[in-house]
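Q: Starting off with a structure, shown below.
The values are calculated or read from the model by the stated rules, or taken from the named source; none is laboratory data. Since the model is a prediction, treat every value here as computed from it, not as a measurement. With ideal geometry, Cβ positions are generated from the backbone for all residues, glycine too; neighbour counts draw on all protein chains shown.
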Amino acid sequence: MDTYRTEEEQVEAIRRWWDENGRSTIISIVLALAAGFGWQAWKNHDQQLGEAASHDYQLLLQHLAVTSAAPGGDFSEAKDLAEQIKAQYASSGYAQFAALQLAKIAVSSNDMEQAKAQLKWVLNKAPAKSDIADIASLRLARVLASTGDTDQALEILATGTNGAYAASYELARGDIYMQLDRSDEAKAAYLEAKSILAETGVDGSLATLEQKLQSLTPIPARTVETSNNADAAQFLDAPETDDTTARQEG
């Protein structure tokens, strides 16, 4: 009898607990399951979007390769595909890569305003100090310099980067200083770029840098001056007896 009463009390306790907590427990379980399925669904969807964006970007590169190889190639199809990537996958890195390609096409067509717009779009999307932001800033600075806006270009490059593009930043600064006939500052920037390349072991731009540095360090006219001085000295040291002898013989 005591056992029966104990079991009955246990059942009653369970019933009361269920009345008080059962509904919230079910809701919590449902929400947990929904969150789990939702997270998995989002991951699958995100992966599918990434794969689709990658596929479309590879297709864009193929279009660009074919069009660039053809004389007078028409980039309209490539531009349409790039804009489609930007619209459909705006939050992905592939959209930013597509915008960089659009900027490159614009530069090749001498449409600098369009190039600026595309590069600024990238900078608005890319994380600060990321590789793609560094690339976009570097290219924007060169585009601005080509349109005469050298002050803004130098301001962008002054932010600098300690990453893989540090030498490229210094090289661009040197080119802009050359454009402004500020040869001392250009030489300093080129030397800094050369130093960075030497430290990193990258020599891809060293030949170009050497040429630019040589153009800023012309060969002194010492040889010609020495030769002229020697001729003058020889003339001054010539014995007067020659002239005297000539007069006597005359």
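Q: State yes or no: is ALA189 surrounded by 13 or more Cβ atoms within 10 Å (Cβ to Cβ), over 18 Å from the mean Cα position of the chain (by Cα) and modelled with pLDDT of 75 or more?
A: Values: surrounded by 13 or more Cβ atoms within 10 Å (Cβ to Cβ): yes; over 18 Å from the mean Cα position of the chain (by Cα): yes; modelled with pLDDT of 75 or more: yes.
Here the answer is yes, as ALA189 does meet what is asked.
Q: When ALA164 is evaluated against the numbered criteria (1) within 16 Å of ALA98 (Cα to Cα); (2) of a type outside the set (Val, Ile, Thr); (3) within 10 Å of the chain's Cα centre (by Cα); (4) surrounded by fewer than 21 Cβ atoms within 10 Å (Cβ to Cβ), which criterion, by number, is the only one it fails?
A: (1)
Q: Out of all the residues in the stretch 66-80, which are within 22 Å of the chain's Cα centre (by Cα) and either modelled with pLDDT of 90 or more or not in a helix (DSSP H, G or I) (or both)?
A: The answer is ALA78, LYS79.
Q: Could you tell me whether TYR169 is in contact with an Asp or Glu (Cβ under 6 Å, 6 or more places away or on another chain) and more than 21 Å from GLY50 (Cβ to Cβ)?
A: Criteria not met by TYR169.
Q: Kindly list the number of the only condition in (1) surrounded by fewer than 18 Cβ atoms within 10 Å (Cβ to Cβ); (2) modelled with pLDDT of 95 or more; (3) not hydrophobic (A, V, I, L, M, F, W, C) that fails for LYS116.
A: Against the list (1) surrounded by fewer than 18 Cβ atoms within 10 Å (Cβ to Cβ); (2) modelled with pLDDT of 95 or more; (3) not hydrophobic (A, V, I, L, M, F, W, C), LYS116 comes up short only on (1).
Q: Report yes if some residue within the stretch 172-185 is out of contact with any helix residue (DSSP H, G or I) (no Cβ under 8 Å at 6 or more places or on another chain) and hydrophobic (A, V, I, L, M, F, W, C); otherwise report no.
A: Within the stretch 172-185, not a single residue is out of contact with any helix residue (DSSP H, G or I) (no Cβ under 8 Å at 6 or more places or on another chain) and hydrophobic (A, V, I, L, M, F, W, C).
Q: Let me ask something else about it. Taking the conditions exactly as written (over 10 Å from the mean Cα position of the chain (by Cα) and either hydrophobic (A, V, I, L, M, F, W, C) or surrounded by fewer than 17 Cβ atoms within 10 Å (Cβ to Cβ) (or both)), does ALA133 satisfy them or not?
A: So ALA133 fails the test.
Q: Could I ask something else about it? Would the stretch 119-130 turn up any residue that is in a helix (DSSP H, G or I) and among the hydroxyl-bearing types (Ser, Thr, Tyr)?
A: Looking for residues that are in a helix (DSSP H, G or I) and among the hydroxyl-bearing types (Ser, Thr, Tyr), one finds none in the stretch 119-130, hence no.
Q: Tell me which residues, restricted to the stretch 136-154, are closer than 20 Å to GLN118 by Cβ and surrounded by fewer than 18 Cβ atoms within 10 Å (Cβ to Cβ).
A: Listed by number, the residues that qualify are SER146, THR147, GLY148, ASP149, GLN152.
Q: If you go through the stretch 55-80 one residue at a time, how many are closer than 24 Å to PRO127 by Cα, hydrophobic (A, V, I, L, M, F, W, C) and surrounded by fewer than 20 Cβ atoms within 10 Å (Cβ to Cβ)?
A: The number of residues fulfilling the criteria is 1.
Residues checked against (1) under 29 Å from LEU138 (Cβ atoms); (2) modelled with pLDDT under 70; (3) surrounded by 10 or more Cβ atoms within 10 Å (Cβ to Cβ):
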| residue | (1), (2), (3) |
| --- | --- |
| ASP2 | no, yes, no |
| VAL30 | no, yes, yes |
| GLN40 | no, yes, yes |
| LYS86 | yes, no, yes |
| LEU100 | yes, no, yes |
| ALA103 | yes, no, yes |
